[in-house]
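The values are calculated or read from the model by the stated rules, or taken from the named source; none is laboratory data. All values reported here derive from a predicted model rather than from experimental measurement. FYI the Cβ positions are ideal-geometry reconstructions off the backbone, even for glycines, and counts take in every protein chain you see. Note: accessible area is taken over every heavy atom of the protein model, side chains too, but ligands, DNA and RNA are not part of it. Shrake-Rupley method; radii C 1.70, N 1.55, O 1.52, S 1.80 Å.
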Amino acid sequence: MEKIDAIILAGGEGKRLRSIVNEIPKPLATVGGKPFLDILIEQLSEFNYINSVVLAVGYKAEKIIERYKDCSKYNFNITFSIEEELLGTGGAIKKAIKHTKTKDILVLNGDSYTEVNIKDLIITHRNNEAKITIVLLEVEDVSRYGSVRVNSQNRILSFEEKKEDTGTGLINAGIYLIQKNIFSDIEENKVISFEKEVLPIFIRNFKNNIYGYIVKGEFIDIGIPETYKIASKYLKKRVFG
């Protein structure tokens, strides 16, 4: 099976985590005894389907570059897309895509972790001839996140905002497999959010070609002190045994 390139969004300032992590960028925060970004890269390395990884860096970029610039222990190369000014998640993806070569690109947030079978995700994406496949996580309470509705073929129908109603449902896990060419009309060097601005455009333009890939398990993010502490406990047990 043809390998794909991956982009990890690791450029944000992480202001909400400053009380715990101050001198380093958020993706390098220690979780379960090692930098969180190590965990994400190792997750990709477990599956021999990644051709190269682009780290989209901005805030304190030099610290991430220093750690991974000569890294040879993984089964892919690591390169960097450097933002002189932060461009938001959408702008970061647009800039980082220049460093990729494959038709399909895997995009991950650098501050969250979800267990996913990369091989099966790629196969499902290609079988559906999808423009975008979004990893969706089944949770018991969607009120914290907002939910995603799909049809019987897992084609995405809509995104629902956060609301007080609780109950089981599907949430966006922040992992995307995309056809690179759909970004061709997105303006370069523009500050833009992928989730709030770019994705709605794609939903309108490619509504019959956007699918969900449903997984079960834990959604771990390190964005705020409360979830950072939970992540440390979960990943130390789950990832490191």
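Points worth noting:
- Each residue of segment 24-36 was assigned a 3J(HN,Hα) from its phi angle through the Karplus expression (A = 6.51, B = -1.76, C = 1.60, θ = phi - 60°), giving 10, x, 3, x, 8, 4, 6, 10, x, x, 8, x, 4 Hz with x at Gly and Pro.
- Simple label model, 7 Å out from Cα along Cβ direction - residue 48 to residue 191, nm: 4.5
- Sum of -39500 (n - 2.57) over DSSP H runs of 4+, divided by residues of the chain (222 nm, nearest 500): -7000 deg cm²/dmol
- Per residue, the convex hull spanned by the alpha carbons of segment 152-205 comes to 125 Å³.
- Segments 53-63, 219-229, 87-97 sorted - mean Cβ within 10 Å per residue, highest first: 87-97, 53-63, 219-229
- Where both bridge residues fall in segment 63-219, DSSP classifies roughly 75% of the beta bridges as antiparallel.
- Cα gyration tensor shape for segment 1-70, rounded if a/c is under 1.5, else prolate or oblate: prolate
- The convex hull drawn around the Cα atoms of the chain, when projected onto a plane and averaged over every direction, covers 12.6 nm².
- Straight-line cross-link reach from residue 15 at under 20 Å between alpha-carbon atoms covers these lysines, not counting any fewer than eight positions away in the same chain: 26, 60, 63, 196, 229.
- Kirkwood-Stokes translational diffusion coefficient of segment 1-144, alpha-carbon pairs, 10 °C, 1.306 mPa s, µm²/s: 99
- Scattering curve values for segment 38-80, log₁₀ I(q)/I(0), Debye with Cα scatterers, q = 0.33 Å⁻¹: -1.31
- Computed over segment 81-135, the quotient of the alpha carbon radius of gyration and 2.2 N^0.38 Å is 1.29.
- When the alpha carbon gyration tensor of segment 97-224 is reduced to an equivalent ellipsoid, the three semi-axes, largest first, read 23, 17, 16 Å.
- In this structure the amide hydrogen of residue 193, modeled in the peptide plane, comes within under 5 Å of the amide hydrogens of 90, 198, none closer than 5 places in sequence on its chain.
- For segment 1-71, the fraction of 1.4 Å probe accessible surface lying on carbon and sulfur atoms is 41 percent.
- Averaged over residues, the count of other Cβ atoms within 10 Å places the peptides 73-80, 174-181, 205-212 in the sequence 174-181, 205-212, 73-80, highest first.
- Backbone phi angles across segment 142-153, fed through the Karplus curve with coefficients 6.51, -1.76 and 1.60 (θ = phi - 60°), yield HN-Hα couplings of 8, 5, 6, 10, x, 10, 10, 9, 10, 8, 5, 9 Hz in residue order; Gly and Pro are listed as x.
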